Structures are given as structure tokens and as C-alpha cells.
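Asks: Please find one structure pasted underneath; my questions will follow.
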Amino acid sequence: MALRPGYRGRLAPSPTGYLHVGHACTFRLAASRAAEAGGELILRNDDLDRDRVRPVYVAAFLEDLRWLGLKWTEGPDLGGPHAPYSQSERLPLYRAALERLHAGGWVYPCRCSRRDILAAIAAPHAGDDEPLYPGTCRNAPLVPLPPAEPLGKGTSTEPRISWRFRVPDGETVTFRDGHFGDQRFVAGADFGDFVVWRPDGLPAYQLACVVDDAAMQITEVVRGADLLASTARQLLLYRALGLVPPAFHHAPLVTDATGQRLAKRHDALSLRALRERGLTPAEALKLTRP
Ligand code: GLU
């Protein structure tokens, strides 16, 4: 690959469990693409999932990534020009983005619970985590944003609402993926109006990811193929916020030797379990099947 000074890639683990060999494959790919481009690699701690995040998993991913031999130049352990590198410390940036989306009329308040949404649709949308939103609150009158709460603590006694991005129904979102080539997703069919701000006063993954990748001047996002449809959603957010999107390179998902997709609960294939069994990083990576 030609040397591309200015390349900035990132590793963005969520400290909700131990890293497994699937993460190792994706992160090694991200690191090698950054190294081949002569660029920088940034480590970001995606710790917004308040119910599932544990500090022990932050210490664990730092240790596991070092064991894999990966090197980054900015991160929660090193600091850097775009600090802080933990999402839980970046809430004012996400709130500012929500205010811009609100001022531009891109979002609307939604009172549906996850259960309401599941009940209102025939079936969860295949292959994607978020069910297609049936549009129940789409035409609700726009209300002002509630005041920003200190660090999303959720002190208010008001019934909680989420904020949803109104997708342009029927528009085809296209991008060229570095691995999978040309991609097309139809807004309103392949994915629906999606949550950008959660009822607990915290940004949803889609918004936090876009805000940070833009603020940290990431030029290429390398991540798992399960996020291809999220990339289409995120491209709509980049446009609404007037931000320039990075390039995208999705890694094929790896499975274990029985063909099952790896999840964090697959503890036997966690990097630390394998390390404790005496495997080297290279031997650990051989346990996967692309
Ligand atoms: N923290 C997110 C995850 O682990 C990052 C996804 C992404 O790379 O955008 O799924």
C-alpha cells in the first residue's frame, strides 16, 4: 500500500467483557493498515454502556492489546491531542452534536420503549441489532431538548424520552468498503429511524462514534462486518452534522472452529484464557476460521 502520511486509524474496544480472538483479528488488521500507511493508531475506550461497562475490562483490554504486540500513539493510557480518550468523559461533545441535530430538525423525541417497538413490528430486522422503527413518534411535535444533565446521571423525574434520527425514506446510501467493495443500503427499508440519544441521558453508539471519529480526525475506520449497516446510518449523521466521513474497511467476521460466531461470552476463546493456557498470540489467532 502506498505510504499515506496523515492516515489515522483507531481501535475502539468496549469494556463490557474480555477481548476474544475475533477482536484480535480485527484489531491486528487495523494496526497493520495503519503501519503500512505510515500513519497513527488511536486507542479509544468506548465505555458508554453504563450497565455493562466494568473498569476491570478497561485494564484487561490494555493488557490484552499489549500482549498482542499492538502499539498506539494516543489513548486513555497515553493521553494525546484529542484527549480525553474515554467516551464517558466526552459527553459535552455529544450533547453539542445533539443540539445541532435538534436545531436542524433532524431528530424527534420518541417515547417508545424497546418492548413497544418490538410489539409494533412483524419481526426484528434480520441480521441487524436494531429493529426497523415503525414510526410511531415520527410526527410528534418537536419539543425543546431537556437541559443537559451532569454526566448523563439521569436526575430528572420526567418520563424519559429518547431522540431518534429521521432517515430519508427511500434514499440509497452507498459507500465503497475497503474490503467488501460497493455497498448499498436503503434508508427506511434496510434500517429505520435510529436512536441517537438514549432515555438515560447518554448518546447512543451511532452518534458517539461519529462525533469521536470526526473529532479525532480518523481517516479510516477498520471494524467488523456486523457494522456495515451502521456505516450507512453513520454516513447520514456525518452529512447532517456537516462532517467529512472517513474511509471504511470492514473485516470479515471470524468464527470458532465449529463455525459459530464469536461473542464476548465465548470465554474459552478470550485472549486471557488462551494466554493463561500458554498460547502465543500467533497460536491464538490460528483458532479462528474467517
Ligand atoms: N466499541 C464499538 C464496539 O466494540 C466500536 C464499534 C466501531 O468500531 O465503530 O462494537
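The values are calculated or read from the model by the stated rules, or taken from the named source; none is laboratory data. Predicted model, so just to flag it, every value in this text is computed and none were measured. Every residue, glycine as well, gets a Cβ built from its backbone with ideal geometry; the counts of neighbours run over all protein chains shown. Please note that ligands, DNA and RNA were not included when accessible areas were found on the heavy atoms of the full protein model with its side chains. Shrake-Rupley method; radii C 1.70, N 1.55, O 1.52, S 1.80 Å.
Asks: Please give the calculated 222 nm ellipticity per residue for the chain, where each DSSP H segment of at least 4 residues contributes -39500 (n - 2.57) and the sum is spread over every residue; nearest 500 deg cm²/dmol? Spell out each step's value before the answer.
Replies: Details: 8 runs with 85 residues, N = 290.
About -9000 deg cm²/dmol.
Asks: Over the chain, average the accessible area per residue using a 1.4 Å probe and give it in Å², no decimals.
Replies: So the chain comes to 48 Å² accessible per residue, rounded to a whole number.
Asks: Looking only at Leu118, Leu11, Leu132, which one moves most when the chain is put into a Gaussian network model with springs between Cα atoms under 10 Å?
Replies: Leu118
Asks: How far is helix 205-215 tilted off the main Cα axis of the chain, in degrees rounded to 10, range 0 to 90?
Replies: It works out to around 70 degrees.
Asks: On to the next question. Would you mind checking the tilt of helix 55-67 against the longest principal axis of the Cα atoms of the chain, expressed as 0 to 90 degrees and rounded to 10?
Replies: The angle comes out near 40 degrees.
Asks: Continuing with this model, one more query. So for the chain, taking the charge dipole from beta-carbon charges (+1 Lys/Arg, -1 Asp/Glu), which of Ala103, Pro203, Pro246 sits furthest toward the positive end?
Replies: Farthest towards the positive end: Pro203.
Asks: Ordering Asp256, Asp226 by how much accessible area each has at a 1.4 Å probe, largest first, what is the list?
Replies: Largest to smallest exposure gives the sequence Asp226, Asp256.
Asks: If you don't mind, there's one more thing I want to ask. Under unit Cβ charges (Lys, Arg +1; Asp, Glu -1), what dipole magnitude, rounded to 20 debye, does the range 22-105 have relative to its Cα centre? Kindly include the intermediate steps, with their values, before the conclusion.
Replies: Working: 11 positive and 12 negative charges, 24 e Å.
Dipole of the range 22-105, to the nearest 20 debye: 120 debye.
Asks: Running a GNM on the chain with Cα contacts under 10 Å, which residue among His20, His179, His102 ends up with the highest mean-square fluctuation?
Replies: Looking only at His20, His179, His102, the biggest GNM fluctuation is shown by His179.
Asks: Got a number for the accessible area of Phe180? Probe 1.4 Å, square angstrom, nearest 10.
Replies: 90 Å²
Asks: Please label the shape of the range 158-249 as rounded, prolate or oblate, based on the square roots a ≥ b ≥ c of the eigenvalues of the alpha-carbon gyration tensor (a/c under 1.5 means rounded; beyond that, a/b larger than b/c means prolate, else oblate). It would help to have the intermediate numbers written out before the result.
Replies: Numbers: a/c = 2.02, a/b = 1.36, b/c = 1.48.
Taking the square roots of the gyration eigenvalues as a ≥ b ≥ c, the range 158-249 is oblate.
Asks: Right, here's the next one. At a probe radius of 1.4 Å, what is the per-residue accessible area of Thr26, in Å² to the nearest 10?
Replies: 20 Å²
Asks: Now a separate question. R0 = 45 Å: FRET efficiency of Asp226 with Leu142, Cβ-based, nearest 0.05? It would help to have the intermediate numbers written out before the result.
Replies: Numbers: r = 33 Å, r/R0 = 0.73.
The formula returns an efficiency of 0.85 here.
Asks: Could you compute the FRET efficiency for Arg52 and His82, with r as their C-beta to C-beta distance and R0 at 22 Å, rounded to 0.05? Don't jump to the answer; show the numbers that get you there.
Replies: On the way: r = 25 Å, r/R0 = 1.13.
Taking R0 as 22 Å, the efficiency between Arg52 and His82 is 0.30.
Asks: Two decimals, Cα atoms only, Kirkwood Rh: what is Rg/Rh over the chain? Don't skip to the end; give the middle numbers.
Replies: Details: Rg = 19.3 Å, Rh = 20.1 Å.
Using Cα coordinates only, the ratio equals 0.96.
Asks: To the nearest 10 degrees, how steep is helix 228-241 against the longest Cα principal axis of the chain, on a 0 to 90 scale?
Replies: Approximately 50 degrees, to the nearest ten.
Asks: Which of Arg28, Arg275, Arg95 ends up with the largest GNM mean-square fluctuation for the chain, with Cα atoms connected below 10 Å?
Replies: It is Arg275.
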